[in-house]
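Visitor: Structure provided below as C-alpha cells; questions to follow.
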C-alpha cells in the first residue's frame, strides 16, 4: 500500500519522510536528515529562501574518510536548518561517490 496525498497522487518515499520530519518539527521535536546532494542544489535552496525573505545560514566542513592506507576522500558537508524546522546534514554526492565507485 502506498500513501496518497490530498490531490490523489502517490507520495514518494522521500516526500513521505520529509512530511513526517516536518510534522515532528512542528510539534517541537528536534529532527535532522542526512542527504546526498550536489553543491548547486544547496545554493539553489538558499537562493530560493532568500527570495522569500528567509535567511538560511549554512555551515560547511570537510569530513576526511580513509579510502586506502594512504588515501583519504574529503567529503564536503553542509549543515543548515530548513525554514520548516528540519535540520539538514548534506553530504556532497561527487565526493561520496568516490568511496564506492571505482575509476
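Visitor: Exactly one of (1) within 14 Å of the chain's Cα centre (by Cα); (2) loosely packed, with under 11 Cβ neighbours inside 10 Å; (3) at pLDDT 90 or above is unmet by residue 77. Its number?
Guide: Tallying (1) within 14 Å of the chain's Cα centre (by Cα); (2) loosely packed, with under 11 Cβ neighbours inside 10 Å; (3) at pLDDT 90 or above, residue 77 fails exactly one: (2).
Visitor: Same structure again: Restricting the search to the range 29-73, which residues are exposed (fewer than 13 other Cβ atoms within 10 Å of the Cβ), over 21 Å from residue 19 (Cα atoms) and touching a helix residue (DSSP H, G or I) at 6+ places or on another chain (Cβ under 8 Å)?
Guide: Listed by number, the residues that qualify are 38, 55, 67.
The values are calculated or read from the model by the stated rules, or taken from the named source; none is laboratory data. Computed from a prediction, not measured in an experiment: that's the story for all the values here. Cβ coordinates were reconstructed from backbone atoms using ideal geometry, including for glycine residues, and neighbour counts include every protein chain displayed.
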